[in-house]
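Step one of this worksheet: look at the structure below.
Where a number appears in this text, it was derived from the coordinates with a stated rule and is not lab data. Here the structure is a predicted model, which is why all the values come from computation and not from measurement. Note: ideal-geometry Cβ built from the backbone for every residue, glycine included; neighbour counts use all protein chains shown.
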Amino acid sequence: MISNRIDSASQVIMATPKAIYEAFMNPETLVLWLPPKGMSAQIDAFEPYVGGTYKLTLTYEKDHENSGKTSENTDVAQGKFLELVPDTKIVLAGNFDSEDPAFSGVMTQTWYLEAVTEGTKVTIICENVPEGIRKEDHDEGLNSTLENLASFVEKIDGE
């Protein structure tokens, strides 16, 4: 079943759009900041060009309320890069490997990087969010990812 739900999160990060874009385009750094609090990540495939694919495994690090979408403690997502505008915009289309129809469907995730006086306003917009993802959990995860990104790039960009 296709969902029309849209979730979003935004944060101003004290780093340049270029530093943020580069942190996203490098799989070795992406795994350090992308997973929300309480999770770790592994990149199984990463081809950062328009039409290129990605496969990402998120693992819950400890006991959690909700079970994983793919297994008891993992979420596996795969998809492709739809649009890449250096230092400005990243668009991904992905889906979860899950036998539960509540997690089926392709979710489009757009990352906007907008230069502002304080640094970069990063906005994530997720369209067609699967109905199995609770809005509260998704909001918390998106905000956690943005906080991780800020900690990561502010440290790097400030050196």
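The residues in region 9-38 that are assigned to a helix (DSSP H, G or I) and under 15 Å from residue 90 (Cβ atoms) can be counted, and the count is 13. Among the residues of region 113-150, those identified as farther than 11 Å from residue 13 by Cβ and of a type in the set (Asp, Glu) are 127, 131, 136, 137, 139, 140.
Selection over region 76-110 of residues that are within 22 Å of residue 17 (Cα to Cα), touching a helix residue (DSSP H, G or I) at 6+ places or on another chain (Cβ under 7 Å) and not acidic (Asp, Glu) gives a count of 3. A single entry from 147, 118, 114 fulfils the requirement of being under 17 Å from residue 31 (Cα atoms), surrounded by fewer than 17 Cβ atoms within 10 Å (Cβ to Cβ), among the acidic types (Asp, Glu) and in contact with a strand residue (DSSP E or B) (Cβ under 9 Å, 6 or more places away or on another chain): 147.
Taking residues in region 32-53 that are under 19 Å from residue 20 (Cβ atoms), and partners anywhere that are part of a loop (DSSP other than H, G, I, E, B), the pairs with Cβ atoms closer than 7 Å and at least 6 places apart or on different chains are 41/34; 41/35. Number of residues in region 39-50 that are surrounded by 15 or more Cβ atoms within 10 Å (Cβ to Cβ) and part of a loop (DSSP other than H, G, I, E, B): the value is 1. For region 145-154, indicate whether the set of residues that are within 22 Å of residue 97 (Cβ to Cβ), assigned to a helix (DSSP H, G or I), touching a residue at least 24 places away in the same chain (Cβ under 8 Å) and of a type in the set (S, T, N, Q) is non-empty. The answer is yes, given that some residue of region 145-154 is within 22 Å of residue 97 (Cβ to Cβ), assigned to a helix (DSSP H, G or I), touching a residue at least 24 places away in the same chain (Cβ under 8 Å) and of a type in the set (S, T, N, Q).
Scan region 95-107 for residues that are surrounded by fewer than 19 Cβ atoms within 10 Å (Cβ to Cβ) and assigned to a strand (DSSP E or B) and the total you get is 1.
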